[in-house]
1. Among the residues that make up the range 444-459, is at least one of them touching a helix residue (DSSP H, G or I) at 6+ places or on another chain (Cβ under 7 Å), under 22 Å from ALA508 (Cβ atoms), within 16 Å of ligand 2 (Cβ to nearest atom) and polar (S, T, N, Q)?
2. Restricting attention to the range 413-422, does a residue exist that is within 13 Å of ligand 1 (Cβ to nearest atom) and of a type in the set (Gly, Ala, Ser)?
3. Do we find a residue being within 16 Å of ligand 2 (Cβ to nearest atom) and among the acidic types (Asp, Glu) anywhere in the range 418-429?
4. Residues that are free of Cβ contacts under 8 Å to residues at least 60 places away in the same chain and either touching a strand residue (DSSP E or B) at 6+ places or on another chain (Cβ under 9 Å) or within 19 Å of TYR407 (Cα to Cα) (or both), at least 2 per element: which strands (runs of 3 or more DSSP E) completely within the range 52-164 meet that?
5. Among the residues of the range 460-493, which ones are of a type in the set (A, V, I, L, M), more than 16 Å from ligand 2 (Cβ to nearest atom) and under 21 Å from MET360 (Cβ atoms)?
6. Just checking, which of ILE391, ILE366 is at pLDDT below 95, within 16 Å of ligand 1 (Cβ to nearest atom) and assigned to a helix (DSSP H, G or I)?
7. Select from the range 169-207 the residues that are out of contact with any strand residue (DSSP E or B) (no Cβ under 7 Å at 6 or more places or on another chain), under 22 Å from ARG222 (Cα atoms) and of a type in the set (Ser, Thr, Tyr) and list them in ascending order.
8. Among the listed residues ALA92, ALA103, ALA80, identify the single one that is closer than 11 Å to PRO162 by Cβ, at pLDDT 95 or above and within 30 Å of the chain's Cα centre (by Cα).
Amino acid sequence: MSTAKFDTIGQYLLKRLYNAGVKHIFGIPGDYVLGFYDLMIKSPIQHIGTTREDSAAFAADGYARCLGMGALAVTYGVGALNTVNAIAGAYAESSPVVVISGAPGVREQRDDPLIHHRFGPFTFQREIFERITCATVVLNDPVIAFRQIDHAIAAAHQFCKPVYIEIPRDLVMVEGYPMPAEVMEQFASDETALSEAIAETTELMAKSVSPIIIAGVELHRRRLQGALIELVERAHLPVVATLTGKSVISERHPAYLGIYEGAMSSENARYMVEQSDLLLMLGVTLNDIDTGIYTAKLDPHHMIRAALNEVVISAHRYPRVSLADFLAALVFSAKTSSDGFSLMPEALQANRFPEPNRSMTTARLIERLNQALSPDMIVVCDVGDCLFAAIDLRVHEQSEFFASSFYTTMGFAVPAALGCACARPDHRLLILVGDGAFQMTGTELSTHARLGLNPIVVVFNNCGYSTERCILEGPFNDISSWRFDRLGEVFGPLNGYDAATEDAFEDALINSLNNRTMPSIINVHLSADDASSAMKRLAEHLKSRVKGGS
Ligand SMILES: Cc1ncc(C[n+]2csc(CCOP(=O)(O)OP(=O)(O)O)c2C)c(N)n1
Ligand SMILES: [Mg+2]
């Protein structure tokens with residue numbers, strides 16, 4: 001009979017993760033983490049094996065974006081270090097991913113052995129992760145291990161960033177000790193600054209003739225979408241989103257005008273933002289992507305910018321005001337308008353498809369996907385021209401759009417979609433990916449297949465690294481040509497289609513939509529010099545700037 005009074009450290013970690021909403025853990029086993037794996041498969045948490053550790057981290061990132069937390073468990077050195085790029089991405093993109101790494105046992109480490117997967121002092125791995133997470137803990141002391149676990153999970157929640165938990169293999173089955181919960185300091189808004197910021201904002205809004213909201217990524221990460229929609233609907237304000245904030249509001253809402261991304265925006269969205277006399281920027285990060293490679297024309301003197309914990313109006317600043325409090329107070333004080341939305345959102349193209357024998361282009365592909373999107377679809381997009389093309393994609397009410405749109409790491413989409421599919425089994429995944437990015441982590445499609453998932457993968461096959469070609473053409477942008485449609489033989493079961501023309505794409509798309517039992521992949525042949533409408537708009541703009549000398 002067991003005499004154990006408390007959970008073991010491994011059991012406690014699994015319990016706390018489960019209570020935080022983590023029902024799946026992604027990763028690849030190794031001897032330093034096997035004890036933890038053994039506990040995991042005996043727990044209610046399901047293990048999802050991936051083909052590579054960075055895929056596990058991307059999957060956990062997708063999972064976290066859907067449910068608020070995701071986790072992966074990997075072995076020491078070779079496993080953990082394989083996740084560094086993906087975890088740096090989760091850090092840059094504010095995604096609360098819990099990295100669990102096994103490690104040599106505490107007793108083993110004492111003798112300083114030359115043990116496999118070791119690459120330096122045993123502290124090195126934690127030090128690496130310290131730079132790309134908001135908390136790192138090494139569970140090498142049973143007395144404080146439970147508290148360290150609580151701390152790491154609370155930090156991931158609070159800061160919306162990855163955390164690192166290292167568990168030496170000889171402590172997985174050692175009992176820990178319950179401790180009183182640590183009180184983490186919570187950010188509290190300064191009431192005076194908040195009310196002054198709100199008073200000034202409402203006054204400016206009342207005077208403004210053409211106010212517009214620019215909705216940013218932090219609204220999504222802090223789960224403030226509900227407050228945004230309330231504000232939009234109460235005050236009848238038009239809204240655009242940034243690319244990193246894409247889908248923070250339904251892209252079919254009557255107040256929504258599209259993505260604003262400087263010269264890459266649609267004409268309508270660009271006009272509405274750039275002629276506005278009051279930009280209400282909520283949770284917007286002004287990075288190069290969201291400013292359309294710095295082509296945005298946003299006048300700071302017409303700007304109210306609510307960031308995570310400050311509000312900046314024109315040239316002055318209200319410190320210690322949280323985005324959530326500012327938005328809640330703004331909703332409360334918004335003058336409700338009984339007018340309907342009198343906006344002119346750009347109508348979705350309703351062109352006829354397919355045009356017989358017509359070669360497929362990126363612009364037409366997006367048009368057709370817009371028609372095919374349904375409210376139960378989540379779109380996960382890789383970087384490359386498909387990301388810029390997605391500016392013109394309009395996702396529905398309950399659907400979401402996820403991408404590594406700020407960090408822009410290739411290889412995100414196929415594995416992140418795996419995480420989304422596990423998190424939201426009632427949704428269908430549409431994956432947009434370039435031929436180059438697919439070659440990085442496309443093997444994860446076989447995990448989708450193994451689990452009986454049914455994503456539709458659209459490969460934008462433009463014969464290499466097209467985005468890089470736009471910057472500097474050279475043989476380094478050529479890649480080998482893969483028969484993506486034939487991957488079922490190796491990665492399957494899955495349906496593969498080859499689509500060079502609109503007719504072929506139409507057949508492939510209809511078959512893919514109808515087949516819900518396995519993944520589908522459509523290899524869409526695009527010409528190497530084809531580009532999304534957004535890229536063309538940017539090129540036009542840059543050309544006219546050169547001609548105009550500005
Ligand atoms: C991991 C990683 N390596 C390199 C890059 C640099 N990069 C950005 S876009 C791109 C080409 C992407 O090719 P593909 O997926 O085929 O999309 P395309 O640009 O052709 O539309 C490269 C190499 C990157 N963003 N991420
Ligand atoms: Mg390509």
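1. no
2. Start the filter on the range 413-422 by keeping residues that are within 13 Å of ligand 1 (Cβ to nearest atom), which leaves 413-415.
Next, from what is left, pick out any that are of a type in the set (Gly, Ala, Ser): 413.
So far as the range 413-422 goes, yes, one or more of its residues are within 13 Å of ligand 1 (Cβ to nearest atom) and of a type in the set (Gly, Ala, Ser).
3. Applying the first criterion (within 16 Å of ligand 2 (Cβ to nearest atom)) to the range 418-429 yields none.
No: zero hits.
4. Values: elements: 70-74, 97-103, 135-138.
Qualifying strands (runs of 3 or more DSSP E): 70-74, 135-138.
5. The initial filter retains those residues of the range 460-493 that are of a type in the set (A, V, I, L, M), namely 471-472, 479, 487, 490.
Filter once more, so that each one left must be more than 16 Å from ligand 2 (Cβ to nearest atom): 487, 490.
LEU487 - this is the single residue of the range 460-493 that is of a type in the set (A, V, I, L, M), more than 16 Å from ligand 2 (Cβ to nearest atom) and under 21 Å from MET360 (Cβ atoms).
6. On the way: ILE366 fails: at pLDDT below 95.
ILE391 is the lone residue from the list that is at pLDDT below 95, within 16 Å of ligand 1 (Cβ to nearest atom) and assigned to a helix (DSSP H, G or I).
7. SER189, SER195
8. Numbers: ALA103 fails: closer than 11 Å to PRO162 by Cβ; ALA80 fails: closer than 11 Å to PRO162 by Cβ.
Step by step, each of ALA92, ALA103, ALA80 is checked, and only ALA92 is closer than 11 Å to PRO162 by Cβ, at pLDDT 95 or above and within 30 Å of the chain's Cα centre (by Cα).
The values are calculated or read from the model by the stated rules, or taken from the named source; none is laboratory data. Because the structure is a prediction, the values reported are computed rather than measured. Every residue, glycine among them, receives a Cβ derived from its backbone with ideal geometry; neighbour counts consider all protein chains shown.
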